[in-house]
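**Student:** A single structure is presented below for examination.
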Amino acid sequence: MIPVHVLGLCLSNRSPFPIMPLFRFCFVACLATTFSLIPAVTYSKPTQTETVDATFRRAAPLPKWTQPLADIPETKRDDAVVVRLQETQTLVGDSPATLINRAIQVNEKNSLNQIGEVSLTYYPIYQKLLLHRVVILRGGKLIDHTATVGIRILQRESNMESGMYGGATTVHLLLDDVRVGDTLWLSYTREGANPVFGKRWSEEYGWDSLEPIELRRLTVLHSTQRALYWRQLGNFRREEIKPQIEQFGGMESMRFEQRGIEPLDSEDAIPSDYLPGRMLQFSEYQDWQAVATWADGLFPKVGNSAALKNLADQFAKESTPATRASAALRWVQNEVRYFSVSIGENSHRPQAPETVIAHGYCHRAQQMDSCAPAYSARQGNR
């Protein structure tokens with residue numbers, strides 16, 4: 001069985017690209033800005049890096065691999081929220097990293113929470129979060145909050161009520177004294193990826209937003225020795241986004257850019273498989289065979305443990321394969337509760353049947369559902 005995340009590597013049964021849930025194109029939707037940037041704004045780096053914990057650093061320097069950042073464009077729009085700049089840079093490698101550089105302007109009082117409170121989420125078991133810049137642009141002045149912005153570290157589980165724990169940590173930034181017309185200039189990097197995916201990389205990036213965007217830029221850096229496949233998706237907006245490709249020092253840079261992107265209209269009752277906005281999807285998986293080879297390693301062959309053997313012997317007392325399978329299914333339904341600790345590799349790799357039997361719960365019931373009837377059937381057919 002191929003996990004949903006990996007099924008997201010393709011559009012069809014021949015494609016290595018993801019099938020995306022609705023509205024992931026809005027990952028830039030909460031950004032905004034609408035003021036003219038004063039020309040030649042200069043920014044002084046914070047003098048000291050603060051390590052909040054082993055996985056989060058404030059005032060961290062930009063990664064060495066970073067390409068020159070885009071200038072923040074001016075805007076004359078008076079929308080409540082305007083994204084003046086949404087820039088993403090990704091380094092593809094054994095330990096991938098993604099830098100976000102964005103500038104959001106607010107023109108109405110009711111939208112000030114867009115820049116007054118910002119949440120950055122990451123998974124500390126395999127990622128690091130580096131906060132580079134938190135700056136307010138106001139009336140020609142640059143107010144640097146990088147070293148002083150209030151920070152709360154929260155461990156929030158959005159699916160806790162469903163018995164699912166993912167291990168995410170939220171860094172919540174609280175800015176004082178934000179005003180109508182202010183622009184929040186924020187830069188940060190997430191380093192690392194879930195080790196369950198091995199050394200192959202795949203990712204998707206939303207392009208359009210519910211807010212107008214003055215400049216959208218995406219740069220993907222990868223070794224020329226690593227083949228990379230990409231495609232554009234979108235059901236409503238279909239204007240093609242063409243990359244500029246450059247090679248240097250054994251690396252290839254793919255830069256996608258567009259200016260003056262109008263906001264999407266928000267509509268109710270849109271089908272879940274309809275994408276109003278455009279998406280760019282990338283993958284190092286060439287085809288489904290490569291995906292299946294990776295996924296097969298998540299489900300190792302079940303050993304003949306004493307605990308599992310005792311269960312199989314119990315099921316084998318039934319007279320037919322159908323009744324043995326039914327008995328195994330009833331046991332799972334009655335004795336195993338779904339309690340998903342989807343942290344790190346366990347986001348996709350299931351617990352061993354012995355662990356499920358011992359504790360009465362599992363990360364995922366799929367392996368228990370499949371192995372117990374199969375083992376029982378083998379025992380019954382001897």
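**Student:** Yes or no: the range 182-199 includes at least one residue that is assigned to a loop (DSSP other than H, G, I, E, B), within 18 Å of the chain's Cα centre (by Cα) and within 30 Å of Asp78 (Cα to Cα).
**Tutor:** Filtering the range 182-199 for residues assigned to a loop (DSSP other than H, G, I, E, B) gives 182, 192-194, 198-199.
So of that shortlist, the ones also within 18 Å of the chain's Cα centre (by Cα) come out as 192-194, 198-199.
Still in the running and within 30 Å of Asp78 (Cα to Cα): none.
No, the range 182-199 contains no residue that is assigned to a loop (DSSP other than H, G, I, E, B), within 18 Å of the chain's Cα centre (by Cα) and within 30 Å of Asp78 (Cα to Cα).
**Student:** Residues of the range 284-313 being among the hydroxyl-bearing types (Ser, Thr, Tyr) and assigned to a loop (DSSP other than H, G, I, E, B), which ones?
**Tutor:** Here is the first cut: in the range 284-313, the residues among the hydroxyl-bearing types (Ser, Thr, Tyr) are 285, 293, 305.
Passing the criteria: Tyr285, Ser305.
**Student:** Further, regarding this structure: What about Thr219, is it β-branched (Val, Ile, Thr) and either under 18 Å from Ala290 (Cβ atoms) or modelled with pLDDT of 95 or more (or both)? Spell out how you get there, then give the answer.
**Tutor:** Details: β-branched (Val, Ile, Thr): yes; either under 18 Å from Ala290 (Cβ atoms) or modelled with pLDDT of 95 or more (or both): yes.
Spelling it out, Thr219 is indeed β-branched (Val, Ile, Thr) and either under 18 Å from Ala290 (Cβ atoms) or modelled with pLDDT of 95 or more (or both).
**Student:** Got a number for residues in the range 269-297 being within 28 Å of Glu214 (Cβ to Cβ) and of a type in the set (Asp, Glu)? Full working, then the answer.
**Tutor:** Here is the first cut: in the range 269-297, the residues within 28 Å of Glu214 (Cβ to Cβ) are 270, 274-282.
From the residues that got through so far, the ones that are of a type in the set (Asp, Glu) too are none.
The qualifying residues number 0.
**Student:** Of everything in the range 261-291, what is aromatic (Phe, Trp, Tyr) and either farther than 23 Å from Ala227 by Cα or without any contact (Cβ under 8 Å) to a residue 60 or more places away in the chain (or both)? Give them in sequence order.
**Tutor:** Initially, the range 261-291 is screened for residues aromatic (Phe, Trp, Tyr), giving 274, 282, 285, 288.
Answer for the range 261-291, where residues must be aromatic (Phe, Trp, Tyr) and either farther than 23 Å from Ala227 by Cα or without any contact (Cβ under 8 Å) to a residue 60 or more places away in the chain (or both): just Tyr274.
**Student:** Sticking with this one: Among residues belonging to the range 200-226 that are more than 29 Å from Thr183 (Cα to Cα) and outside any loop (DSSP other than H, G, I, E, B), point out the one that is farthest from the chain's Cα centre (by Cα). Lay out the reasoning, then the answer.
**Tutor:** Narrowing the range 200-226 to residues more than 29 Å from Thr183 (Cα to Cα): 200-202, 222-226.
Now narrow it down to the ones that are outside any loop (DSSP other than H, G, I, E, B): 202, 222-223.
Details: Ser202: 10, His222: 19, Ser223: 22 Å.
Per the stated criteria, the residue is Ser223.
**Student:** Inside the range 99-126, can you point out the residues that are crowded, with 21+ Cβ neighbours inside 10 Å and either polar (S, T, N, Q) or without any contact (Cβ under 8 Å) to a residue 12 or more places away in the chain (or both)?
**Tutor:** Once the filter is applied, which keeps residues that are crowded, with 21+ Cβ neighbours inside 10 Å and either polar (S, T, N, Q) or without any contact (Cβ under 8 Å) to a residue 12 or more places away in the chain (or both), the range 99-126 yields Asn101, Gln105, Gln114.
**Student:** Report every pair of residues separated by at least 6 positions or lying on different chains whose Cβ atoms are under 8 Å apart, first residue within the range 200-216 and closer than 16 Å to Asn235 by Cα, second among the β-branched types (Val, Ile, Thr) and assigned to a loop (DSSP other than H, G, I, E, B).
**Tutor:** Partner pairs satisfying both residue conditions: Trp207/Ile241.
**Student:** A further question on this structure: Might you let me know whether the range 63-85 holds any residue that is crowded, with 20+ Cβ neighbours inside 10 Å, in contact with a strand residue (DSSP E or B) (Cβ under 6 Å, 6 or more places away or on another chain), closer than 30 Å to Gly198 by Cβ and among the aromatic types (Phe, Trp, Tyr)?
**Tutor:** no
**Student:** Working carefully through the options Ala269, Ala316, find the one that is more than 30 Å from Leu221 (Cα to Cα), of a type in the set (A, V, I, L, M) and out of contact with any helix residue (DSSP H, G or I) (no Cβ under 9 Å at 6 or more places or on another chain). Full working, then the answer.
**Tutor:** Values: Ala316 fails: out of contact with any helix residue (DSSP H, G or I) (no Cβ under 9 Å at 6 or more places or on another chain).
Just one listed residue meets the conditions, Ala269.
**Student:** Has the range 287-299 got any residue that is modelled with pLDDT under 80, of a type in the set (D, E, K, R), out of contact with any helix residue (DSSP H, G or I) (no Cβ under 9 Å at 6 or more places or on another chain) and within 30 Å of Ala168 (Cβ to Cβ)? Talk me through it step by step, then tell me what you get.
**Tutor:** First, pick out the residues of the range 287-299 that are modelled with pLDDT under 80: none.
Scanning the range 287-299 turns up no residue that is modelled with pLDDT under 80, of a type in the set (D, E, K, R), out of contact with any helix residue (DSSP H, G or I) (no Cβ under 9 Å at 6 or more places or on another chain) and within 30 Å of Ala168 (Cβ to Cβ).
**Student:** State all residues of the range 252-290 that are within 24 Å of the chain's Cα centre (by Cα) and of a type in the set (A, V, I, L, M, F, W, C); if no residue qualifies, say none.
**Tutor:** Matches in the range 252-290: Met254, Phe256, Ile261, Leu264, Ile270, Leu275, Met279, Leu280, Phe282, Trp288, Ala290.
**Student:** Being within 22 Å of Arg200 (Cα to Cα) and not in a strand (DSSP E or B) is the filter; apply it to the range 227-242 and report the residue that is nearest to the chain's Cα centre (by Cα).
**Tutor:** The initial filter retains those residues of the range 227-242 that are within 22 Å of Arg200 (Cα to Cα), namely 227-233.
Then keep just the ones that are not in a strand (DSSP E or B); that gives 227-228.
Details: Ala227: 22, Leu228: 19 Å.
Only one residue fits best here, namely Leu228.
The values are calculated or read from the model by the stated rules, or taken from the named source; none is laboratory data. From a predicted model like this one, the values you see are computed outputs, not experimental measurements. Cβ atoms come from the backbone with ideal geometry, glycine included; neighbour counts cover every protein chain shown.
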